Amino acid sequence: MRLAELSERSGVSTATIKYYLRQGMLAPGRRIGATTADYDETHLRRLRLVRALIEVGRLPVATAKEVIGYVDDDSLDRTMRLGAALWALPHGPEPDESDASVIAAHHEVDRLLEVLGWSTTREIGRLSPDLRELVVAVATLNRLGYPYDAELMAPYARLMHQAAVIDLDFVETHPSEEEKVETVVAATVLFEPVLRALRRLAQAEESARRYGL
């Protein structure tokens, strides 16, 4: 397809597509003339991912470019590509390691990982931005009088592991390595609001069943 068709099908203006090309966030099309190129479905899929990162995820272009760079880095194995791309997404504030609530939260999160047997996460330890974000959240809850210890968090973590199995089973349905990584990144940005909404709907449904309308 030509640039105009790619723009029409993706909903991205030709000027923006050219900008993404210059930034290396979109691979060049197959050159068919001095001033024209041909694009295919991989370009359309990539544009959808870039739009998800920038328009839905609200990522700055520089951050989106970094995420895309990890998606495209075939020198890394799949786990490393996924991890690097997801770590590049925005996260919450860093924990204050001198705060007593943060120290206590680290202890509970460490106990949680031990209870779950999540050895990979334990090995990564405090390098993981998601783990640090969890510590901050637990510390905040504790500080406000809502203590969440390892035993209370474990059932939630196990449910999240089941969700992760579903996620990666879906990823495996995509043929190429690039599509697999793109799907995980896009789903992280686009599907988390779905999970949040489903949880709230489930709470409302269970509340009505237990206590009536």
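Just give me the residues in the stretch 58-89 being polar (S, T, N, Q) and either in contact with a Ser or Thr (Cβ under 6 Å, 6 or more places away or on another chain) or in contact (Cβ under 8 Å) with a residue 24 or more places away in the chain (or both), in sequence order.
Thr63
Considering the conditions (1) free of Cβ contacts under 8 Å to residues at least 24 places away in the same chain; (2) open to solvent by 70 Å² or more (accessible area, probe 1.4 Å), Glu94 is excluded by exactly one of them, (1). In the stretch 27-44, of all residues being closer than 23 Å to Phe191 by Cβ and out of contact with any helix residue (DSSP H, G or I) (no Cβ under 7 Å at 6 or more places or on another chain), the one that is surrounded by the most Cβ atoms within 10 Å (Cβ to Cβ) corresponds to Thr42.
Any residue at all in the stretch 5-24 that's assigned to a loop (DSSP other than H, G, I, E, B), modelled with pLDDT of 90 or more and touching a strand residue (DSSP E or B) at 6+ places or on another chain (Cβ under 9 Å)? So far as the stretch 5-24 goes, no, none of its residues is assigned to a loop (DSSP other than H, G, I, E, B), modelled with pLDDT of 90 or more and touching a strand residue (DSSP E or B) at 6+ places or on another chain (Cβ under 9 Å). Taking the listed residues Gly69, Gly24, the one that is farther than 20 Å from Thr188 by Cβ and either surrounded by fewer than 17 Cβ atoms within 10 Å (Cβ to Cβ) or not small (Gly, Ala, Ser) (or both) is Gly24, with no other qualifying. Selection of the stretch 169-190 for residues being open to solvent by 50 Å² or more (accessible area, probe 1.4 Å) and in contact with a helix residue (DSSP H, G or I) (Cβ under 8 Å, 6 or more places away or on another chain) yields Phe170, Glu172, Glu177, Glu178, Leu190.
The values are calculated or read from the model by the stated rules, or taken from the named source; none is laboratory data. Keep in mind that what you see is a predicted model, and the values were worked out from it rather than measured. Every residue, glycine as well, gets a Cβ built from its backbone with ideal geometry; the counts of neighbours run over all protein chains shown. Surface accessibility is based on the protein's heavy atoms, side chains included, excluding ligands, DNA and RNA. Shrake-Rupley method; radii C 1.70, N 1.55, O 1.52, S 1.80 Å.
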